[in-house]
């Protein structure tokens, strides 16, 4: 649950920022293409953290007698970080994303858009845009645009094709091993090192709302305590606090594998979804995009693509076995592909089988995105810990009554929500 007052301010700042740069984009692109004229050939696309402009250049030389000549030259994507939406420096985000893309392109056969130019400057140049990347335009479609719906069912031959291509991506990423956890940063000699703390969409949101850089277990507790927008009433606060403690105990006692703490650590995309892979009309993978949250992780956080189950974490929590069965199908494809390519089973493939059997996938996902903890705990994990869901209300009451500090925290959360709700009404902020 986001702080809508902060989100409303960010949305307005984002729109102002886009307006301030969009007239400079063609000038910027032309400066990297020998001064050639260009134009936008499709509408811009706004994501949560970037805006993409699509430009194409006129053929060179552009005939003077044909001022309206149709462009037929290169097509580029100018991708600009949305500074108001970021808790880290935009230039830092560009640097790590470029380093990751170039490393993946040079060490794997995973299709990644070619980088034509980029800037990590902290000051705008003559084109008035300080930080950006310019990529080749890949003429492809997302799985959604191709009408693939894993939830409603996908023809077997199509599912097999997509699974095998994704398996190849995961196998290749898993073989990129590093001595530490973090994000890749470029070095002057063209290589990379792990040099920055891990970062994710969840950590970005956390810092925007409450500040600080927490570790993965602590951030859930701090976010609960400090956020003013995550509990709407007393029952909500009691339930969320209970599930948070249950989750913390479960992680510490049943999930952590200390033998994996020392590595090796593998490169994860950090946000692979239906919308950041581009396919041809015959479902050949053309490009994996959006590497901004890529980081090296322990194997326990190297997760299979949840979207293959056709489910959100909420439905995974409630219909775990059905969803996990679909993910097991993908794990089988990975196992077979790894055996063919490298003569054995990948360590992460064995780990995935165990995670799918004991709810570990839910735990791993919730660790990376703490707002999902309640959804993760509400269904499958709760049943796994306590056979009778009907006793949940009694357990919550006993948990709160055990510690006066918990009752005080619940009261503070309710009071904070009331102030926040009144402030939203005063400002005219409406939940989207």
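All of the numbers you see were taken from the coordinates with simple rules; none came from a lab. All values derive from a computational prediction rather than experimental measurement. FYI the Cβ positions are ideal-geometry reconstructions off the backbone, even for glycines, and counts take in every protein chain you see.
Between 230, 219, 189, where does the largest GNM mean-square fluctuation fall for the chain, given springs only between Cα atoms within less than 10 Å? For the chain, modelled as a Gaussian network with Cα springs under 10 Å, the answer is 189. Legend: ranking of residues 80, 297, 185 from fewest to most surrounding C-beta atoms inside 10 Å; resulting order 185, 297, 80.
Can you tell me the 0 to 90 degree angle between the C-alpha axis of helix 4-21 and the longest principal axis of the chain, rounded to 10? Once rounded, the angle reads 10 degrees. Beyond 12 Å, the tail of the calculated P(r) for the stretch 370-432 holds 77 percent of the Cα pairs.
Would you work out the relative contact order for the stretch 88-137, in percent, from Cα pairs under 8 angstrom that are 6 or more residues apart? Here the relative contact order equals 39 percent. Taking other Cβ atoms within 10 Å as a rough exposure proxy, 236, 393 sort from fewest to most as 393, 236. Direction-averaged projected area, Cα convex hull, the stretch 131-191: 7.6 nm², rounded to one decimal. Ellipsoid fit via the Cα gyration tensor, the chain: semi-axes of 40, 29, 20 Å, each the root of five times an eigenvalue, largest first. The Rg/Rh ratio for the stretch 325-432 is 1.18, where Rg is the radius of gyration of the alpha carbons and Rh is the Kirkwood radius. Relative to the first principal axis of the alpha-carbon coordinates of the chain, what is the inclination of helix 404-427, with its axis defined by its Cα atoms, in degrees from 0 to 90 and to the nearest 10? Once rounded, one gets 40 degrees. Given the options 139, 295, 402, state which has the largest fluctuation in a GNM of the chain using a 10 Å cut-off (strictly under) for Cα springs. Maximum fluctuation in the GNM of the chain, among the listed residues, is at 402.
With a Förster radius of 51 Å applied to the beta-carbon distance between residue 328 and residue 39, the computed FRET efficiency rounds to 0.55.
Taking the Cα of residue 181, stepping 7 Å toward and past its beta carbon, and measuring to each backbone N in the stretch 227-264: which are under 19 Å? So the set is 247-264.
Counting only C-alpha contacts under 8 Å and six or more residues apart, can you give the relative contact order of the chain as a whole percent? Reported relative contact order: 17 percent. When each of 247, 319 is scored by the number of other beta-carbon atoms lying within 10 Å, the sequence from fewest to most is 319, 247.
Between the Cα long axis of helix 90-107 and the first principal axis of the chain there is an angle of about 80°, rounded to the nearest 10.
Its relative contact order, with pairs defined as Cα atoms under 8 Å and 6+ residues apart, puts the stretch 4-136 at 22 percent.
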